[in-house]
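Note sheet for the following structure.
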């Protein structure tokens, strides 16, 4: 993944996001489609957590008929904006910690697409 020259997304968040995207890409379409709402809720939650970006939430809600591929792009953009909004190191670190936990929780809640042994 190419990163902007001054990527505001901390490495910890970038790593969790990349793990989620990789896991998401491995899901069969029907399973990913069933989980779109969970990703969407995380994107709107991240956007709403910053007072300067709360105006993006209605726009996100209006375009909620996104595909499994598009919802990851939306989540990535919202996380980028959220990280860029924090100029204070402590606030940025706190936001990064929270976002990492949310991404990890979402990833661990995705359905397993592995077949049982012997099949």
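We did not get these values from a lab; they are worked out from the coordinates using the rules stated. In this text, all values refer to a predicted model and were calculated from it rather than measured experimentally. Note that each Cβ is placed from the backbone with ideal geometry, even for glycine, and that neighbours are counted across all protein chains shown.
Look at 30, 38 and count the other Cβ atoms within 10 Å of each Cβ; fewest to most, that gives 30, 38. The calculated FRET efficiency for the pair residue 104 and residue 6, based on their C-beta separation and a Förster distance of 25 Å, comes to about 0.45. Spacing of the modelled spin labels on residue 66 and residue 33, each 7 Å from Cα toward Cβ, amounts to 1.8 nm.
Given 0.36 nm per residue, what is the gain on full extension from residue 49 to residue 112 after removing their alpha carbon distance, in nm? Can you show the working numbers first?
Numbers: separation 63, 0.36 × 63 = 22.68 nm, distance 2.97 nm.
So the chain would gain 19.7 nm between residue 49 and residue 112.
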